[in-house]
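Asks: Once you've had a glance at the structure underneath, I'll fire off some questions.
The values are calculated or read from the model by the stated rules, or taken from the named source; none is laboratory data. These numbers come from a predicted model, not from an experiment. Cβ placement follows ideal geometry from the backbone for every residue including glycine, while neighbour counts extend to all protein chains displayed. Side chains are part of the model used for accessible areas, which takes the heavy atoms of the whole protein and leaves out ligands, DNA and RNA. Shrake-Rupley method; radii C 1.70, N 1.55, O 1.52, S 1.80 Å.
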Amino acid sequence: MKVVLFCGGFGMRLRDYSEETPKPLVNIGYCPIIWHLMKYYAHFGHCDFILCLGYKADCIKKYFLNYDECLTNNFVMEKGGNKVELLSRDIADWRITFAETDILTNIGGRLQSVRENVKNEDVFLANYTDNLSDADLGCLIDKFLKSDAVAGFLSVRPNVTYHLVQTDKHDRVLSVQNAAQAGLWTNGGFFIFRQEIFEYLHDGEELVEEPFQRLIEDGKLVAYRHDGFWACMDTFKEKQQLDDLFMQGKPPWQVWETDRAKSHDAV
């Protein structure tokens, strides 16, 4: 399946990190978050990517045009660097379409902009490109294909420290809970769509607002709850938390490494 990645936003809450770096290229460890996410999809066999570009599109294009697999794989160097033999590959089998979708376009508009690129896909995937998870993508797709839904998404516990306050009519506080304790679930940004999504999406609309309301009215929207790892890189603090997980070794979203270790253990 093709994977549509929305990577054209300004990332305002991370602008303090770098004015010159678009959010998808902000590093987690040694590689940008978009690389980690694409590795995740490729692990499940989905290597055909469509990048919806906007802000700092040139930076994202240059990153991939100048990509050096030696920096992310083991290799053997001979003859003073004149001969390099890669012992493994990571993006060699990826197909990446770079689609300009304008700087000020919302997510719904970006999806409409690449409709032609997914016209031959009965079902395709999409992502906000600022979140990571260890969810079993293959299992989610299987569930979706067995349903009659037009759209589905990963539903996760909100990764926030805000407190929800309940009061009575006299303003007396009845309860104070954080979002997770209150049993709330939120959109995790991992989407699955059928072609019919474009029938629900009108010009100028934000994807998860009017179109999703129409889908709900028709009973065509599903959400798959995931209690495992999920994190969003929306702020500098969240980036630091992901960096810490990476530096501790075996970050939970790197399912390609986890599954490889399991296969070695089974031998």
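Asks: Of everything in region 48-88, what is hydrophobic (A, V, I, L, M, F, W, C), within 26 Å of Y128 (Cβ to Cβ) and touching a Lys or Arg at 6+ places or on another chain (Cβ under 8 Å)? Give them in sequence order.
Replies: Within region 48-88, F49, I50, C52, L53 meet the criteria.
Asks: Just one of the numbered conditions (1) more than 18 Å from the chain's Cα centre (by Cα); (2) open to solvent by 80 Å² or more (accessible area, probe 1.4 Å); (3) modelled with pLDDT of 90 or more; (4) not acidic (D, E) is not true of V150; which one?
Replies: (2)
Asks: Turning to a different aspect of this structure: Six or more apart or on different chains, Cβ atoms under 9 Å: show the pairs whose first residue is in region 242-256 and farther than 13 Å from I33 by Cα and whose second is open to solvent by 30 Å² or more (accessible area, probe 1.4 Å) and among the polar types (S, T, N, Q).
Replies: Pairs that qualify, where the first residue is farther than 13 Å from I33 by Cα and the partner is open to solvent by 30 Å² or more (accessible area, probe 1.4 Å) and among the polar types (S, T, N, Q), are K250/T258; P252/T258.
Asks: Still on this structure, please answer the following. Exactly one condition in (1) outside any strand (DSSP E or B); (2) touching a Lys or Arg at 6+ places or on another chain (Cβ under 6 Å); (3) under 19 Å from C47 (Cβ atoms) is false for F98; which is it?
Replies: F98 satisfies all of (1) outside any strand (DSSP E or B); (2) touching a Lys or Arg at 6+ places or on another chain (Cβ under 6 Å); (3) under 19 Å from C47 (Cβ atoms) except (1).
Asks: Quickly run through region 135-147 and pick out the residues that are open to solvent by less than 10 Å² (accessible area, probe 1.4 Å) and of a type in the set (G, A, S).
Replies: Matches in region 135-147: A135 only.
Asks: Related question: Being more than 25 Å from I60 (Cα to Cα), under 16 Å from the mean Cα position of the chain (by Cα) and among the hydrophobic types (A, V, I, L, M, F, W, C): is that true of L132 here?
Replies: no
Residue by residue, here is whether (1) of a type outside the set (S, T, N, Q); (2) part of a helix (DSSP H, G or I); (3) on the phi < 0 side of the Ramachandran plot; (4) touching a Gly at 6+ places or on another chain (Cβ under 6 Å) holds:
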site	(1), (2), (3), (4)
E20	yes, no, yes, no
W35	yes, yes, yes, no
K39	yes, yes, yes, no
G45	yes, no, no, no
M77	yes, no, yes, no
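Asks: Tell me which residues, restricted to region 224-245, are surrounded by fewer than 18 Cβ atoms within 10 Å (Cβ to Cβ) and in contact with a Gly (Cβ under 7 Å, 6 or more places away or on another chain).
Replies: D243
Asks: Here's another thing I want to ask about it. Go over the candidates L65, L87, L71, L111 one by one and state the one that is exposed (fewer than 11 other Cβ atoms within 10 Å of the Cβ), at pLDDT 90 or above and aliphatic (A, V, I, L, M).
Replies: One residue alone meets the criteria, L65.
Asks: What's the number of the condition R95 fails, among (1) basic (K, R); (2) touching a strand residue (DSSP E or B) at 6+ places or on another chain (Cβ under 6 Å); (3) crowded, with 18+ Cβ neighbours inside 10 Å?
Replies: If we test R95 against (1) basic (K, R); (2) touching a strand residue (DSSP E or B) at 6+ places or on another chain (Cβ under 6 Å); (3) crowded, with 18+ Cβ neighbours inside 10 Å, just (3) comes out false.
Asks: Look at region 28-55 and say how many of its residues are open to solvent by less than 50 Å² (accessible area, probe 1.4 Å) and either free of Cβ contacts under 8 Å to residues at least 60 places away in the same chain or hydroxyl-bearing (S, T, Y) (or both).
Replies: 13
Asks: Also: Residue check: is C59 out of contact with any Gly (no Cβ under 6 Å at 6 or more places or on another chain), open to solvent by less than 20 Å² (accessible area, probe 1.4 Å), hydrophobic (A, V, I, L, M, F, W, C) and at pLDDT below 95?
Replies: no
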